[in-house]
1. Restricting the stretch 224-262 to residues that are hydroxyl-bearing (Ser, Thr, Tyr) and in contact with a strand residue (DSSP E or B) (Cβ under 8 Å, 6 or more places away or on another chain), which is farthest from the ligand (Cβ to nearest atom)?
2. Output the qualifying pairs, or none if there are none: Cβ atoms under 6 angstrom, residues six or more apart or on different chains, first residue in the stretch 528-557 and among the polar types (S, T, N, Q), second residue modelled with pLDDT of 90 or more and within 15 Å of the ligand (Cβ to nearest atom).
3. Quickly run through the stretch 102-114 and pick out the residues that are more than 31 Å from the chain's Cα centre (by Cα) and crowded, with 20+ Cβ neighbours inside 10 Å.
4. From ALA558, ALA523, ALA509, which residue is in a helix (DSSP H, G or I), away from the ligand (no atom under 16 Å from the Cβ) and out of contact with any Asp or Glu (no Cβ under 8 Å at 6 or more places or on another chain)?
5. Which one is surrounded by the most Cβ atoms within 10 Å (Cβ to Cβ) among residues in the stretch 355-379 that are closer than 12 Å to TYR243 by Cα and within 15 Å of the ligand (Cβ to nearest atom)?
6. If the requirement is being more than 13 Å from the ligand (Cβ to nearest atom), surrounded by fewer than 19 Cβ atoms within 10 Å (Cβ to Cβ), closer than 29 Å to ASP92 by Cβ and of a type in the set (Asp, Glu), which of these qualifies: GLU487, GLU404?
7. Out of the residues in the stretch 196-223 that are at pLDDT 95 or above and assigned to a loop (DSSP other than H, G, I, E, B), which is nearest to the ligand (Cβ to nearest atom)?
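The values are calculated or read from the model by the stated rules, or taken from the named source; none is laboratory data. This structure is a prediction, so every number in the text was calculated from the model and none was measured. Every residue, glycine as well, gets a Cβ built from its backbone with ideal geometry; the counts of neighbours run over all protein chains shown.
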Amino acid sequence: MPLSFFADFARTADAVGMTTKRLEKLAVLASYLSPLDDSDLIIACRFLAGRPFPASDERTLNVGFSVASTVLIELSGIDPAEYGPLVVRLGDLGDVATDILPNRGEPDEPITLRSALNAFEAIASARGTGQKALLLRNFILRASPLEGKYIVKLVTGDMRMGLKESLVEEALARMAGVRVEEVQWVNMLLGDIGETALMARHGRLPEARMRLFHPLKFMLATPVEKPSEIVTEARNRDETRLYIEDKYDGVRAQLHKEGDRADIYSRTLDPVTHRFPEVAQALASLPHDLIFDGEIVAYSQTDGRCLQFTALQKRLGRKTVSDDLMAEVPVACMVFDLLYLDGVTLLERPLSHRKELLASLDLSYPLVKAPSEPVPVEGLKAEGEGDEGEEPHLLDAMFDAARERGNEGLMVKTPGSLYSPGKRGKAWLKVKRALATLDVVVTAVEWGHGKRRSMLSDYTFAVLGPGGQLLNVGKAYSGLTDAEIIEMTEWFKAHTIRDFGRARLVEPAVVIEVAFDKIQSSARHKSGYALRFPRIVRLRPDKRPQDANTLDDVRAIAEG
Ligand code: AMP
């Protein structure tokens with residue numbers, strides 16, 4: 001069996017990143033992948049997609065910015081005081097690695113794809129950061145600066161390699177002579193680009209079946225400012241009915257059940273079954289195999305009401321959930337979609353069909369079917385229609401009723417729509433609070449004052465610019481609880497890029513939701529905008545920086 005070297009993968013990934021032309025990228029990928037044998041093809045495709053293991057694999061390397069930095073500083077001998085500015089200048093830990101790692105010449109034993117995978121597996125199963133750092137150090141010691149770059153990118157999960165999974169899908173489709181949609185579909189079902197590659201190579205794509213306990217990406221909604229905009233949208237698309245349901249203020253959950261096994265996955269596709277044992281138990285006792293999509297909320301069974309997110313926060317922070325905590329913060333899963341039922345994949349069935357099947361199931365608390373009625377579009381008024389002083393628009397009234405029930409707003413869904421994993425389309429629309437909030441990324445923190453002088457409690461935050469760059473839009477004194485601030489202080493200390501004494505530049509990884517009174521133009525911020533009276537509403541551990549709001553959103557609110 002020919003050996004495939006990690007260096008060839010690194011050179012390929014680099015060459016793909018070097019050109020902006022899609023066709024050239026695809027040609028580079030095809031000429032690298034075609035000669036690989038089956039087992040190396042699987043590994044190479046996963047690496048190219050930016051992760052050592054399949055997307056559906058639950059293992060994580062848990063090597064963060066600070067562990068990788070410690071290793072790089074030690075192996076390169078760089079002055080730690082110069083390291084921070086270099087990270088800021090290059091903006092990418094992989095590039096920092098190539099820049100500072102020494103070239104040790106030809107290694108005795110070159111790294112192969114297989115031995116790289118073994119090293120990643122060892123790091124994933126090592127306990128404690130010390131052990132992980134040691135394994136990473138020994139691994140990078142065997143690497144050239146270019147290999148070091150991709151080891152660092154793969155261990156820290158930094159996907160910015162000029163190469164997205166979609167590009168690998170396209171290369172595989174071309175190599176197999178099939179439509180790219182076929183490859184995408186199978187990759188989505190299997191949650192593994194490596195196995196998808198193998199099936200494509202051997203003409204076996206049509207055999208792929210959805211697998212339980214491999215979480216699918218969630219379908220997402222597009223925000224609209226006012227309920228009445230929805231009517232305009234629906235008329236533009238000739239919809240006659242719309243499903244309207246409450247937007248619950250909890251955490252998104254995907255529930256899988258097969259035989260006696262039941263598992264729950266978070267929006268980041270991590271298993272969270274242990275957090276909600278009572279939901280998992282109810283799920284396990286259902287007489288069907290299925291996948292649900294829903295929102296887990298804190299819930300009062302006596303009133304049949306969902307409680308505010310802050311109530312749920314208590315449960316989210318704990319690793320183990322005691323009986324006391326379950327009694328103190330009861331939860332429910334508001335189930336709003338059915339993606340699989342007894343051997344049948346329902347993603348490509350219209351929502352109306354999925355809703356009918358969901359309605360036919362017998363669920364009991366803490367599994368609750370989210371009320372959802374198809375409302376005729378005719379009879380709903382678009383913005384500006386109707387006379388002053390008349391009945392309020394039905395949608396506005398429904399929005400207010402949802403708010404009165406303690407929920408966040410409304411979700412509006414098109415009956416004919418298919419379930420599109422990972423897509424934010426117009427088939428689902430969300431209407432949030434009348435006063436907008438923004439999800440932003442913390443970029444810098446400062447020590448507080450008075451009681452909070454030993455806590456990093458003041459946050460500067462940013463939205464995403466057109467090229468994905470972070471643009472600051474404000475600074476807020478924390479509205480978080482002391483316990484949260486203390487925990488975040490530790491995190492920020494461990495993820496400081498540069499320490500200026502009073503303030504620290506931190507790794508942009510924490511997403512928070514901020515409320516504000518208004519958005520003003522500002523010459524002080526590169527974004528051109530500043531939030532007026534921003535307040536931190538809550539941490540959004542369920543969101544990644546790439547899920548934050550964009551400069552376009554800010555502009556739309558400022559102008560709207
Ligand atoms: P946002 O977090 O503001 O982007 O809003 C989208 C989120 O709303 C989804 O990811 C779900 O977690 C949540 N959500 C609450 N209620 C519903 C619902 N009825 N249908 C779909 N998503 C919902």
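1. THR240
2. ASN549/LEU438; ASN549/ASP439; ASN549/VAL463; THR550/VAL463; THR550/LEU464
3. Matches in the stretch 102-114: ILE111 only.
4. ALA558
5. This residue is LYS355.
6. After applying the criteria, what remains is GLU487.
7. Selected residue: ARG204.
Rundown of residues vs (1) away from the ligand (no atom under 11 Å from the Cβ); (2) within 22 Å of the chain's Cα centre (by Cα), yes/no style:
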{"site": "LYS430", "(1), (2)": "no, yes"}
{"site": "LEU438", "(1), (2)": "no, yes"}
{"site": "MET455", "(1), (2)": "yes, no"}
{"site": "GLY465", "(1), (2)": "yes, yes"}
